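Before any comments, here is the structure.
The values are calculated or read from the model by the stated rules, or taken from the named source; none is laboratory data. Not measured: the values here are computed from a predicted model. Cβ: placed from backbone, ideal geometry, glycine included. Neighbour counts: every protein chain shown. For accessibility, only protein heavy atoms count, side chains too; no ligands or nucleic acids. Shrake-Rupley method; radii C 1.70, N 1.55, O 1.52, S 1.80 Å.
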Amino acid sequence: MLRWAKAGERVVIGSRMQQKAEDAAKKARDILGPNASVTGMENPKAAAAADIIVMSVPFAAHVDMIKSVAERVTPDDLFIDVVVPLSTAVGGGASTALGVWEGSAAQQAVRLLPPHTKVASAFHNVVSEALQNLNKDVDCDIIVCGDSRETREAVMKLAEEIPGVRGVDGGRLENSRIVEQITALLIGINIRYKVSEAGIRITGLPPRS
Ligand SMILES: NC(=O)c1ccc[n+]([C@@H]2O[C@H](COP(=O)([O-])OP(=O)(O)OC[C@H]3O[C@@H](n4cnc5c(N)ncnc54)[C@H](OP(=O)(O)O)[C@@H]3O)[C@@H](O)[C@H]2O)c1
């Protein structure tokens, strides 16, 4: 969010609590300066105000959160699901992931959103610390999954507004299952190597045009 606001996007932060959303928005403006357009609203209002909605909550809250905003999502909106079904949702560790009945958290979102919503999944394999450190480029590819090429392209472009990031076309939304599970692997790698920002790069691809 900080990165997109820095790149000139208009950002609305959603929260369950209006005051918390406003406080988070003020914190972002304090970091980015007066030209940044960052406001805070309760989740349903934030979803209504935005044309790109990024769903980023713990997996245990995924279903309820989508239900709480679903009626504010229009067919013109782009819905990006970042959620990873980590085992922490059922009292397990963060280095393992759960199986999801629909195949992935992103496919679960499709079931809950209005028909024809443009759903993509992305940003699973980049840690928030790296995104928040504005002094450093982000050393990570962002694999984007979604059932339409146009939707994936739009999200890859958005990802590449973040310095250092390359968007990678991950194909259909069903592939999100694989990408989501990689996050659990990366968390385990972070633990074993005593680091905090393990990410992924896909080699052998041509330069993006
Ligand atoms: N952190 C990372 O580096 C990272 C990287 C890749 C993917 N992800 C995935 O992105 C998602 C968010 O991760 P995070 O680390 O930002 O999680 P988080 O800090 O625990 O939660 C994000 C926000 O979700 C809301 N929330 C928390 N519990 C909730 C509940 N029970 N019901 C409804 N809303 C709740 C809270 O906002 P309010 O209190 O303001 O409502 C909270 O600030 C997760 O699925 C995670 O696996 C995270």
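Using 1/(1 + (r/R0)^6) with R0 = 35 angstrom and r between the beta carbons of Glu71 and Arg192, what's the FRET efficiency to the nearest 0.05? Don't skip to the answer; put the middle values down first.
On the way: r = 44 Å, r/R0 = 1.25.
E between Glu71 and Arg192, to the nearest 0.05, is 0.20.
Please work out how much accessible surface Asp51 shows to a 1.4 Å probe, ignoring ligands, DNA and RNA, in Å² rounded to 10.
100 Å²
Under a 5 Å amide H to amide H cut-off, with H placed in plane at 1.01 Å, what residues pair with Gly170 once short-range neighbours are removed?
Amide H to amide H, under 5 Å and 5 or more residues apart or across chains, Gly170 pairs with Val144, Cys145.
Starting from the amide H of Val84, placed 1.01 Å from N in the peptide plane, find each other amide H under 5 Å away whose residue is 5 or more places distant or on another chain.
The answer is Phe59.
With 10 Å bins from zero, work out the P(r) of the chain over every alpha carbon pair and list the percent per bin.
It works out to 9, 34, 40, 17, 1, in whole percents.
Can you list the DSSP H helices in the chain whose Cα atoms extend at least 20 Å along the helix axis and whose mean Kyte-Doolittle hydropathy is 0.0 or higher? Let's see the in-between values first.
Details: long enough: 18-32 (21 Å, -1.21); 176-193 (26 Å, 0.74).
Counting only whole DSSP H runs, the qualifying helices are 176-193.
I need two numbers for segment 71-183: Rg to one decimal and Dmax as a whole number, Cα atoms only, in Å.
14.1, 41
Mean residue ellipticity at 222 nm from the helices of the chain, using -39,500 (n - 2.57) per DSSP H segment of n ≥ 4 over the full residue count, to the nearest 500 deg cm²/dmol? The partial results should precede the final answer.
Numbers: 8 runs with 77 residues, N = 209.
Calculated mean residue ellipticity at 222 nm is -10500 deg cm²/dmol.
Give me the one-decimal nm value for the distance between modelled label points at Ile202 and Asn135, 7 Å along each residue's Cα-to-Cβ direction.
3.3 nm
Tell me, what HN-Hα J-couplings in whole Hz come from the Karplus equation 6.51 cos²θ - 1.76 cosθ + 1.60 at θ = phi - 60° for each residue of segment 33-47, using x for Gly and Pro?
Karplus values, whole Hz, x for Gly and Pro: x, x, 6, 6, 9, 9, 10, x, 8, 4, 3, x, 5, 4, 5.
Quick check: from the Cα gyration tensor, does segment 1-97 come out rounded (a/c under 1.5), prolate or oblate? Let's see the in-between values first.
Details: a/c = 1.94, a/b = 1.46, b/c = 1.33.
Prolate is the answer for segment 1-97, as a/c is 1.5 or above and a/b outweighs b/c.
Could you name the lysines in cross-link range of Lys67, using Cα to Cα under 21 Å and dropping any fewer than eight places away on the same chain?
Once the sequence-local lysines are set aside, what remains near Lys67 is Lys20, Lys45, Lys118.
Show the residues, 5+ positions off or on another chain, whose built amide H is closer than 5 Å to the amide H of Val54.
Here the answer is Ile80, since their amide H atoms fall under 5 Å of that of Val54.
Please list 3J(HN,Hα) in residue order for segment 202-209, calculated via the Karplus relation 6.51 cos²θ - 1.76 cosθ + 1.60 where θ = phi - 60°; whole Hz, with x for glycine and proline.
With coefficients 6.51, -1.76 and 1.60, one gets 9, 9, x, 8, x, x, 6, 8 Hz.
State which stretch of the chain is the longest one without any exposed trypsin sites (Lys or Arg not before Pro), exposure meaning a DSSP loop state and at most 16 other Cβ atoms within 10 Å.
Longest stretch, sites excluded: 17-135.
Please list, or write none, the aspartates and glutamates whose alpha carbon is within less than 17 Å of the alpha carbon of Lys27, excluding same-chain residues fewer than 8 places away.
Glu9, Glu42, Glu129
Within the P(r) computed for segment 121-195, what percentage of the Cα pairs occupies the region above 22 Å? Numbers along the way, then the final one.
Numbers: 692 of 2775 pairs.
Roughly 25 percent, once rounded to a whole number.
Just to confirm a number: summing +1 for Lys and Arg and -1 for Asp and Glu over residues other than Ser37 whose beta-carbon lies under 10 angstrom from that of Ser37, what do you get?
Numbers: positive: Arg10, Arg29; negative: Glu9.
Every neighbour counted, the sum reads +1.
With a 1.4 Å probe and every protein chain kept in, tell me what percent of the accessible surface of the chain is carbon plus sulfur. Please report the intermediate quantities before stating the final value.
Values: 6010 of 11290 Å².
Solvent-exposed carbon and sulfur of the chain make up 53 percent of the total.
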